[in-house]
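I have placed the structure first, in the form of structure tokens, so that the comments after it can refer back to it.
The values are calculated or read from the model by the stated rules, or taken from the named source; none is laboratory data. Note that the coordinates shown come from a computational prediction; the quantities given were computed from them, not determined experimentally. Positions of Cβ are backbone-derived with ideal geometry, glycine not excepted, and every protein chain shown enters the neighbour counts.
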């Protein structure tokens, strides 16, 4: 009985992406230095609550805040500026916008484009999401 329980827990850990064979996220070029995103182009590791400040004049996005990090996913809120607000996803992604806020859940490898900014989830590990920001 104990063996079955332990085996079931091991399978659940692997399925959830937190087992010993879970893929490690890539090492971000800018580490955890969120200030590297000041020009809109960066690759950073961000934990829950992290607020990435962006060049609003260039991207029409003021900031992106990490709301949740889970096995292979990240929840974000992007705060837009200006009259034009719009976004789309590629890959596995869920998104919705209200007013100047655009909420998205990204799975590893998916990308969100909001106003003039692309955000790609490169991986998740150790409670942080590795995100790549690129002005469009």
> Within the bounds of region 50-58, is there any residue that is part of a strand (DSSP E or B), surrounded by 18 or more Cβ atoms within 10 Å (Cβ to Cβ) and without any contact (Cβ under 8 Å) to a residue 60 or more places away in the chain?
Replying inline: no
> Out of all the residues in region 71-85, which are modelled with pLDDT under 90 and on the phi > 0 side of the Ramachandran plot?
Replying inline: 82
>> Here is a check on your reading of the model: is residue 20 at pLDDT below 95, surrounded by fewer than 17 Cβ atoms within 10 Å (Cβ to Cβ) and in a loop (DSSP other than H, G, I, E, B)?
In response: yes
> residue 26 fails exactly one of the following numbered conditions: (1) surrounded by fewer than 18 Cβ atoms within 10 Å (Cβ to Cβ); (2) modelled with pLDDT of 95 or more. What is the number of that condition?
Replying inline: (2)
> Can residue 101 be described as under 15 Å from residue 44 (Cβ atoms) and at pLDDT below 95?
Replying inline: no
> So which of 68, 46, 35 is within 15 Å of the chain's Cα centre (by Cα), surrounded by fewer than 13 Cβ atoms within 10 Å (Cβ to Cβ) and either modelled with pLDDT of 95 or more or at positive phi (or both)?
Replying inline: 68
> Which of the residues spanning region 71-109 are surrounded by fewer than 20 Cβ atoms within 10 Å (Cβ to Cβ) and not in a strand (DSSP E or B)?
Replying inline: 71, 81, 82, 83, 84, 85, 86, 91, 92, 99, 100, 109
